Amino acid sequence: MKYKKCISVLVLFLFGINTVLAFDDDEYFQAYSQIISNKPDGEKELMALVSDSDVLSESSSLASVYIALLQSTVNHPTGFEEYKLAPKDHVQDVKRSHPSLYFRHNILLAYNFAIQEQWRLAHSKIDEIIAFANGNDTELYFDAIATKSIFLARMGLIRASLNSSAKILGELPSLTEKRFFGDGAIENMELVIGLNMSYLGENKRALELCSRVETFFITRPLASPHRYYQIALDCQRRSLENLNQPDKAFDTLERYIEYATSIEDWDTYTYGLVLKVEYLYALDKVKEAHKLIEKTESFISSLPTSYDTNTYQISRFKALVEQGDVERANALSAIIADNLSDDYSSPDLHWAQFKSIQSSLFEQLGNKDAAISALRDSKNFYQTLYYQTDDRKELFSDYYESALAERKLQLLEQQHELSQLELANSNRVNLILTAGALTLLGLLVLISYLYAVQRRLKREQETLATVDTLTGVRNRRSLLGVIQLELNEAKAYQNDLSLVLIDLDNFKAINDNYGHECGDNLLKAFCEHVSKSIRKTDTFGRYGGEEFILCLPKTSASEAKKVVNSILNSYRKVRISPDIGAQTFSAGIAQYQKGIETSKLIKQCDDALYVAKRFGRNRVCIFSHDD
């Protein structure tokens, strides 16, 4: 969650410095630029400057949109506050007269969808902006791509985020007119990339990038460089910790807390305290951790409830339970439960941690039933997190797989603890320790066995859902799903894409003359041959029977024909039996055109395939409306 906060506030830099493509003689833009140059510290000061402006104080559509863009630069301390938007009728007016301004305002709308975790809407809106800006507005294109990169990181798709940011990082210095790019645009992207790399374990590179960014942002001549400087410190702290340099990591954390104190950023201060407590626990300095909590608990309790203060209170609750201070732990338990019931982003992890500690408290009180119930609740919250992360099919990243595996391990540990407590409860009056130990051992073996079976069944289900069992390539359902994703990508970035429908020639004769087993061997040999002949970015699967589809992103029809002809030439040399001669196939190619649906594109491939069959098979044809 703290990673999400770090990533989300970086969007403010992109919005605050780079706002709208306009002409230098645009009086609205000049008024906007003047207010930006005054560096207002908050909304009150900002709106006073707006009131003093002759043009922005007008009740007009352009003024409304510019004001919304100005408001995006203030009052976002955590990065989870929604942006204020201009009235819808004003936005529609601006769409007709100033499309670049309209789409830049829509970045705020996309970010609001992201705040609400409506990722499909957020990405759809950003893709619309990218499609418009590509070739029309270089600076808007940069902002939209950077925002998409941040969205992907917020979802845990770290490698996808890096791929997105890589599209623009090399082009940024080549921009000649930077009306809205202030100093720091490149450093900001380096910070995003460095933060991503620290989570992927590429710590040396992350440390290099974030150290350079820290030096830049601490001296940056803007009103509020604090967030970027703090994120750079946190990135370095994590990288040093991963590089097994705990002393340097701890010193960096101390600087982080000291800086947060100097600017009175209490959310970040609280986050730093929680990290410090965790460091002390890791170093077995439990008494020092407890002292730090006692020293700061009065101040933290006076702050408004937030994700960070709740994290702190859970750490404090853990300390009280460890100290055996049952009375104070009970009182704090009620406060935490009340705070967690409030609506804020993704509370399940907090509930899981809280219920686990609460179980220990109940055990100290001798209430075994309540302890078991609380531990079961904790397991269920971890289970909820597991299901929340387990439904991404095509978009898994290495980071997300790793996080999911860690949560599965936590869940198994929780099940183990629950089993132990249930066993202890059932044997409360049973003094035969040997029998109890044997029962526990058997239960652990059973849990391990059931877990292994569950994992095997899940893998088999996933395989059956996506893979053709005979050939090992994608099945029809999975194939069509990936093709739709590739078409969306081609539409968003205006890339070429070609689809190829392949039909094995005279396949029925093979089955009739040599048997179905021979036909199956031919299908498997064909799929193995094609899979070895295509790129990793291409998609190949069985469409049905002896028909297959090959999807070639970023490939024109003429280029696709060369690829398929090469596959056909080498396929003629494949032999599955000395009795069976050279085999061939026919193929129809159709190139993606803007607005075409998947079914229509496949129909065009089928039409081209029909032409190839009609002219004698063993050939590749491109779809033409004249055929």
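Points worth noting:
- With respect to the stated conditions, E117 is closer than 28 Å to D265 by Cβ, in contact with a Ser or Thr (Cβ under 8 Å, 6 or more places away or on another chain) and surrounded by fewer than 18 Cβ atoms within 10 Å (Cβ to Cβ).
- Hits in region 602-627 (condition: part of a loop (DSSP other than H, G, I, E, B) and surrounded by fewer than 16 Cβ atoms within 10 Å (Cβ to Cβ)): F615, G616, R617, S624, H625, D626, D627
- Residue check for V9: open to solvent by less than 10 Å² (accessible area, probe 1.4 Å), in contact with a His (Cβ under 9 Å, 6 or more places away or on another chain), at pLDDT 90 or above and not in a loop (DSSP other than H, G, I, E, B): no
- Positions within region 572-606 being acidic (D, E) and farther than 25 Å from S533 by Cα, in sequence order: D579, E597
- Exclusive hit being farther than 25 Å from L152 by Cβ, in a helix (DSSP H, G or I) and modelled with pLDDT under 85, set T252, T215, T176: T215
- When the residues of region 129-161 are filtered to those that are under 19 Å from the mean Cα position of the chain (by Cα) and open to solvent by 30 Å² or more (accessible area, probe 1.4 Å), the one that is modelled with the lowest pLDDT is R159.
- Of the criteria (1) open to solvent by 30 Å² or more (accessible area, probe 1.4 Å); (2) modelled with pLDDT of 90 or more, which one A525 fails: (1)
- Residue among S298, S302 that alone is of a type outside the set (V, I, T) and either touching a residue at least 60 places away in the same chain (Cβ under 8 Å) or over 23 Å from L361 (Cα atoms) (or both): S302
- Test result for L62, farther than 24 Å from Y493 by Cα and not polar (S, T, N, Q): yes
- Flag for A370 being farther than 25 Å from E264 by Cα, at pLDDT below 90 and surrounded by 21 or more Cβ atoms within 10 Å (Cβ to Cβ): no
- Any chance D325 is free of Cβ contacts under 8 Å to residues at least 12 places away in the same chain and open to solvent by 50 Å² or more (accessible area, probe 1.4 Å): no
- Looking only at residues of region 373-395 that are touching an Asp or Glu at 6+ places or on another chain (Cβ under 7 Å) and open to solvent by 40 Å² or more (accessible area, probe 1.4 Å), we find that the one that is modelled with the lowest pLDDT is T384.
- Top-ranked residue of region 16-35 - restricted to ones that are of a type outside the set (D, E) and either open to solvent by 50 Å² or more (accessible area, probe 1.4 Å) or farther than 13 Å from L69 by Cα (or both), ranked as modelled with the highest pLDDT: Q30
- Residue in region 545-560 that is crowded, with 16+ Cβ neighbours inside 10 Å and more than 16 Å from L499 (Cα to Cα) present: yes
- Residues that are open to solvent by 20 Å² or more (accessible area, probe 1.4 Å) and either of a type in the set (D, E) or over 16 Å from K88 (Cβ atoms) (or both) within region 56-75 comprise S57, E58, Q71, T73, N75, listed in sequence order.
- If you check S531, S570, S599 for being more than 23 Å from V467 (Cα to Cα), open to solvent by 30 Å² or more (accessible area, probe 1.4 Å) and part of a helix (DSSP H, G or I), only one passes: S570.
- Search result, residues across region 509-552 that are over 30 Å from L487 (Cβ atoms) and either without any contact (Cβ under 8 Å) to a residue 24 or more places away in the chain or touching a helix residue (DSSP H, G or I) at 6+ places or on another chain (Cβ under 8 Å) (or both): A509, I510, N511, D512, N513, G515, H516, E517, C518, G519, L522
- Region 48-89 - residue that is of a type in the set (S, T, Y) and closer than 26 Å to I115 by Cβ and, of those, modelled with the lowest pLDDT: T78
The values are calculated or read from the model by the stated rules, or taken from the named source; none is laboratory data. What you see is a predicted model, and the numbers here were worked out from it, not measured in a lab. For neighbour counting, all protein chains shown are included, and Cβ atoms are generated from backbone atoms with ideal geometry for every residue, glycine included. Areas reflect the complete protein model, heavy atoms only, side chains present, ligands, DNA and RNA absent. Shrake-Rupley method; radii C 1.70, N 1.55, O 1.52, S 1.80 Å.
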